[in-house]
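FYI, it's all coordinate maths here, none of it is from the lab. Source: prediction; values computed, not measured. Cβ: placed from backbone, ideal geometry, glycine included. Neighbour counts: every protein chain shown.
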Amino acid sequence: MNKESFSYYSVHHSKSSPILKDCLFAFIFGGGICTFGELLFNLYQMFISSESDARTLVSITLIAITCFLTGIGVFDKIAKIAGAGTFVPITGFANAVVSPAIDYTAEGYILGLGAKMFIIAGPVIVYGTVASVIYGIIYWLITL
Amino acid sequence: MSCFDSLIRFNKEINVLSSATVVGEREIEGPLSEYFDITMSDDRFGEETFEKSETQMVKMAIECALKKSRIQYSDLNLVIGGDLQNQCVAHSFAMADKKIQYFGVYGACSTMAQGLLASGILLDSGHFNTILCSSSSHFSTSERQFRFPLEYGLQRTPTSQMTVTGAASFILSTSYTSGVFVRGCVIGRIVDKGIKDANNMGAAMSGAALDTLQRYFAQSELGEKDFDLILTGDLGEEGANIVREKAHLYGLELGENYMDCGELIYDRQKQNVCSGGSGCGCSAVVLGGYIMDRLQKREIKKVLFVGTGALLSSGSVLQKLSIPAIAHAVEIERK
């Protein structure tokens with residue numbers, strides 16, 4: 001078999017991910033996390049008058065819980081089932097920073113932990129910032 | 001050494017004195033757990049880093065193989081070993097205080113087959129009498145090196161394979177005798193079928209396995225049915241099924257006697273391992289544990305072991321290059 005036909009065959013032969021099941025779990029877990037966030041928001045509003053402070057505190061709480069669950073080795077097991085459900089909310093970002101931080105401590109605090117901490121989250125920050133600049137320019141042009 | 005094209009048949013009797021296997025937690029949960037010599041429920045093996053644990057596993061497998069052969073370190077002329085860590089450091093550290101001649105080899109999942117055939121050729125040359133052949137991989141060291149941090153939450157694609165935490169050692173000799181020997185070998189050629197998906201290494205390696213099998217059977221007096229077992233390692237379910245489906249195009253008739261180490265090592269229904277096992281340790285522990293046991297118990301006589309390797313690097317994948325693959329064949333027989 002030549003390269004092209006073998007490559008074509010292998011792509012069509014390979015089992016694809018169970019999309020329907022993955023979507024369903026992503027919806028349940030992702031929705032669950034967001035509902036939990038809303039509950040936290042309502043709870044915090046009982047004690048904090050500022051709405052933006054309460055929302056920030058919700059993010060902080062979700063990040064803290066994710067860091068803890070990643071640290072004790074539970075988060076990746078949940079994510080295996082939840083997929084995009086834990087990946088898309090702020091939990092995914094927190095896990096992406098904490099997991100390399102744990103892993104690369106063995107290579108030292110500077111060139112290990114410090115350098116490798118943003119190995120996955122780095123591109124998100126770079127392109128997130130770039131996207132926000134572009135959005136800002138468009139917004140500025142529209143409102144001129 | 002008699003050569004007719006690429007099939008090498010050894011003139012001397014290359015005896016397999018012993019094999020020893022060490023495996024980790026996930027492998028014990030698999031169907032072959034009873035065939036392994038040393039099992040560890042903690043993948044750290046009492047060490048502070050996973051890299052050190054792999055070195056520890058290599059040392060344990062070597063010690064165990066020597067013990068089973070009832071020979072000393074000083075009886076070995078050479079050690080040939082390899083693993084998946086950059087520059088094969090797991091073996092370099094394991095051999096650091098041994099003062100034995102050492103060859104480091106890299107063939108990804110085909111490392112054990114590469115080591116066995118190199119040992120056979122070197123022993124046949126008469127320059128060596130006894131060679132130890134070793135190979136290892138560790139799930140956590142390869143995840144860190146090739147993929148993502150261990151605690152990173154992601155879903156695996158169904159065609160991906162799990163790196164086996166395992167080490168195996170074989171002792172081959174022309175001066176001591178045993179019931180099992182290596183009869184011949186075929187050195188593989190690089191086969192690049194243009195597959196670029198690093199999560200589908202089974203497909204990339206299946207082309208190489210078919211190429212080597214075709215070359216072997218084109219030159220050997222033995223047919224597919226003469227073997228009790230034709231064993232590839234380790235294509236996983238995905239790659240092994242490609243071999244089964246495409247064998248006829250290569251003039252091969254593979255039946256029930258065809259198996260794959262990546263499929264054998266785990267229970268794919270219960271263990272959530274996607275397409276199966278991979279890594280230098282996978283075919284090494286399946287051959288060293290399960291297959292050697294069956295040979296010694298006289299359940300099987302002739303085995304054609306085809307070690308397959310996906311020779312990609314984490315950089316080549318990012319540069320969107322295809323995966324070059326290789327397969328080496330080793331004929332193992334019981335007297």
query = aspartates and glutamates near B:Lys302 by alpha-carbon distance under 18 Å, same-chain residues fewer than 8 away left out - which ones?
reply = B:Glu13, B:Glu221, B:Glu224, B:Asp226, B:Asp228, B:Glu253, B:Glu256, B:Asp260, B:Asp293, B:Glu331, B:Glu333
query = Are there trypsin sites (Lys or Arg not before Pro) in region B:56-134 that DSSP marks as loop and that have at most 11 other Cβ atoms within 10 Å, and which are they?
reply = B:Arg70, B:Lys99
query = With labels modelled as points extended 7 Å from the Cα through the Cβ direction, what inter-label distance (nm, one decimal) is found for B:Glu221 paired with A:Val11?
reply = 4.7 nm
remark   = Projected onto the charge dipole of chain B (unit charges on the beta-carbon of Lys, Arg, Asp and Glu, signs +1, +1, -1, -1), the Cα from B:Gly276, B:Leu249, B:Ser69 with the largest positive-side position is that of B:Ser69
FRET E, pair A:Leu39, B:Thr157, Förster distance 30 Å, beta-carbon r, rounded to 0.05 = 0.30
Which of A:Ile119, A:Phe93, A:Tyr8, positive extreme of dipole for region A:1-125 (C-beta unit charges) = A:Tyr8
message = Taking 8 Å as the Cα distance limit and 6 or more residues as the minimum spacing, I'd like the relative contact order of region B:17-126 as a percentage.
response = 21 percent
request  = Express the relative contact order of chain B as a whole percentage, based on alpha carbon pairs under 8 Å and six or more residues apart in sequence.
outcome  = 25 percent
request  = Evaluate the Debye formula for region B:85-210 with equal point scatterers sitting on the alpha carbons, no solvent, and hand back log10 of I(q)/I(0) at q = 0.18 Å⁻¹, in q order, two decimals.
outcome  = -1.13
key: Rg/Rh ratio calculated on Cα atoms of region B:24-79 (Kirkwood radius)   = 1.04
note = Given the candidates B:Ala20, B:Cys88, B:Gly120, the one whose Cα lies deepest towards the positive end of the charge dipole of region B:1-138, counting +1 at each Lys or Arg C-beta and -1 at each Asp or Glu C-beta, is B:Gly120
key: Dipole magnitude of chain A, debye to nearest 20 (Cβ charges: Lys/Arg +1, Asp/Glu -1, about Cα centre)   = 340 debye
ask   = Please identify the chymotrypsin sites (Phe, Trp or Tyr not before Pro) of region A:19-101 that satisfy two criteria: DSSP loop assignment and at most 11 other Cβ atoms within 10 Å. Which are they?
value = A:Phe47
request  = Using only C-alpha atoms and all pairs of different ones, pull out the Kirkwood radius for region B:39-142 in Å with one decimal.
outcome  = 14.1 Å
query = Given a Förster radius of 25 Å and the C-beta distance between B:Gln87 and B:Ser316 as r, what FRET efficiency does 1/(1 + (r/R0)^6) yield to the nearest 0.05?
reply = 0.90
message = Can you compute the FRET efficiency between B:His127 and B:Tyr73 using 1/(1 + (r/R0)^6), with r the Cβ-Cβ distance and R0 = 22 Å? Round to the nearest 0.05.
response = 0.70
note = Listing B:Met57, B:Met112 by rising number of other beta-carbon atoms within 10 angstrom, fewest first, gives B:Met57, B:Met112
inquiry  = Based on alpha-carbon centroids, what's the gap between region B:87-107 and region B:257-335 in Å, whole number please?
reply    = 22 Å
key: Pairs from A:Lys21/A:Lys80; B:Lys193/B:Lys320; A:Lys116/B:Lys196; B:Lys225/B:Lys301; A:Lys21/A:Lys77 whose Cα-Cα separation, in the structure shown, is over 19 Å   = A:Lys116/B:Lys196
inquiry  = Modelling each spin label as a point 7 Å along the Cα-to-Cβ direction, I'd like the B:Lys270/A:Leu141 distance in nm, to one decimal.
reply    = 6.1 nm
task = Tell me the label-point distance for the pair A:Met46, A:Ile125, using the 7 Å Cα-to-Cβ offset, in nm and rounded to one decimal.
result = 3.6 nm
message = Taking loop as defined by DSSP and a crowding limit of 14 other beta carbons within 10 Å, which GluC sites (Glu not before Pro) in region B:207-313 fit?
response = B:Glu221, B:Glu253, B:Glu256, B:Glu299
